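**Student:** One structure, as structure tokens, below. Some questions next.
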């Protein structure tokens, strides 16, 4: 008797502000692509860290009306110079946790600090760990999970330093958001160099790809991010979490990127084609 193959489904999401500043437009496009979740980085052109209470409630009402849930808050926490006062980021995280609670998600994306051009990455390690521990302590108390993204030029930008970070902080409230394109942009082979060591802590997938020779961001499967190998391994490992589209196809800047509705749709279709090849669906 031939065994019945188990179907695998991941929850599709996406960075709404990559589509349009207006949350209503963000939701409309994501729903057209089959997503029922959104990752919130900014709304009406205002970063999530700067939304006042009225705007947060307005956003919550908009999403509730359209039956759109929030997969994560894409915060800028830790995307600052490590030389700044550590408690400034703790205070900002406290504010963003209020937003996360209002939007009914436990997930908050974070980073592990930039440094000045003349400062070596080795010299900031202890300061980074202390700051990440403070952030993780607050997250533990508030019942949220910090998802560290491997952004280029922060402490945790290579697979080795990401592992050092998550294991040294040692908090159940600090886990990893995997970004293949960002690994490519720092000279790593994402799957080959990082998957096995980081998989125990990987709980969230951000979907974009990049070309190693230029660093240019491209749709999933069109670059050197080893997306097919990574997605296949996640399927085989029993991953059942979010897959959040972050295409960055039109513009990139310090706090994120932009694609527009058309390019965002192209990125979504490229990802869907990869998933179809390996027998994974989205919901």
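**Student:** Would you please give the FRET efficiency between residue 160 and residue 277, computed as 1/(1 + (r/R0)^6) with r the Cβ-Cβ distance and R0 = 25 Å, to the nearest 0.05? Mind showing how you got there, number by number?
**Tutor:** On the way: r = 30 Å, r/R0 = 1.21.
My answer for the efficiency is 0.25.
**Student:** Still on this structure: Considering only DSSP beta bridges whose two residues both sit in the chain, what percent are antiparallel, to the nearest 5?
**Tutor:** Details: 7 of 36 bridges.
Approximately 20 percent, going by the DSSP bridge assignments.
**Student:** Moving on. May I ask what percent, to the nearest 5, of DSSP beta bridges between residues of the range 152-249 are antiparallel?
**Tutor:** Numbers: 2 of 9 bridges.
Restricted to the range 152-249, the bridges split so that about 20 percent are antiparallel.
**Student:** Please report, largest first and rounded to whole Å, the three semi-axes of the ellipsoid equivalent to the range 149-283, where each semi-axis is the square root of five times an eigenvalue of the C-alpha gyration tensor. All intermediate terms of the calculation are to be shown ahead of the outcome.
**Tutor:** Working: eigenvalues 97, 67, 36 Å².
That gives 22, 18, 13 Å for the three semi-axes.
**Student:** Still on this structure: Mind giving me the nanometre distance, one decimal, between the label points for residue 47 and residue 211, set 7 Å out from Cα along Cα→Cβ?
**Tutor:** 3.0
**Student:** Please check which bits of the range 207-233 a label hung off residue 197 would reach, taking the label as a point 7 Å along Cα-to-C-beta and the cut-off as backbone N under 17 Å.
**Tutor:** Nothing falls inside the zone, counting backbone N under 17 Å.
**Student:** Can you show me the helix-derived [θ] at 222 nm for the chain, built from DSSP H runs with n ≥ 4 at -39,500 (n - 2.57) apiece and divided by the number of residues, rounded to the nearest 500. Could you put the intermediate results ahead of the total?
**Tutor:** On the way: 8 runs with 105 residues, N = 283.
The helix contribution divided over the chain gives -12000 deg cm²/dmol.
**Student:** Still on this structure, I have one more. Grab the beta carbon distance between residue 64 and residue 141, set R0 = 30 Å, and tell me the FRET efficiency rounded to 0.05.
**Tutor:** On the way: r = 27 Å, r/R0 = 0.89.
E(calc), rounded to 0.05, equals 0.65.
**Student:** A follow-up question, please. Counting just the Cα atoms, what span does the range 8-282 cover along each of its three principal axes? Round to the nearest Å and put the largest first.
**Tutor:** Largest first, the range 8-282 extends 46, 45, 33 Å along its Cα principal axes.
**Student:** In Å and whole numbers, how far do the C-alpha atoms of the range 1-121 stretch along each principal axis, longest first?
**Tutor:** 62, 44, 23 Å, listed from the longest principal axis down.
**Student:** Give the average over all directions of the projected area of the C-alpha convex hull of the range 20-70, one decimal, in nm².
**Tutor:** Working: hull surface 12.3 nm².
Mean projected area of the Cα convex hull: 3.1 nm².
**Student:** Another question about this same structure. Kirkwood Rh over alpha-carbon pairs of the range 60-106, then Stokes-Einstein at 10 °C and 1.306 mPa s: what D in µm² s⁻¹, rounded to an integer?
**Tutor:** Translational diffusion coefficient: 132 µm²/s.
**Student:** Testing the spin-label approximation: label points 7 Å from Cα along Cα→Cβ at residue 229 and residue 7. State their distance in nm.
**Tutor:** 3.1
Values quoted throughout were computed directly from the atomic coordinates according to the rules given, and no laboratory measurement underlies them. Since the model is a prediction, treat every value here as computed from it, not as a measurement. Heads up, the Cβs are rebuilt from the backbone with ideal geometry, glycines too, and the neighbour counts pull from every protein chain shown.
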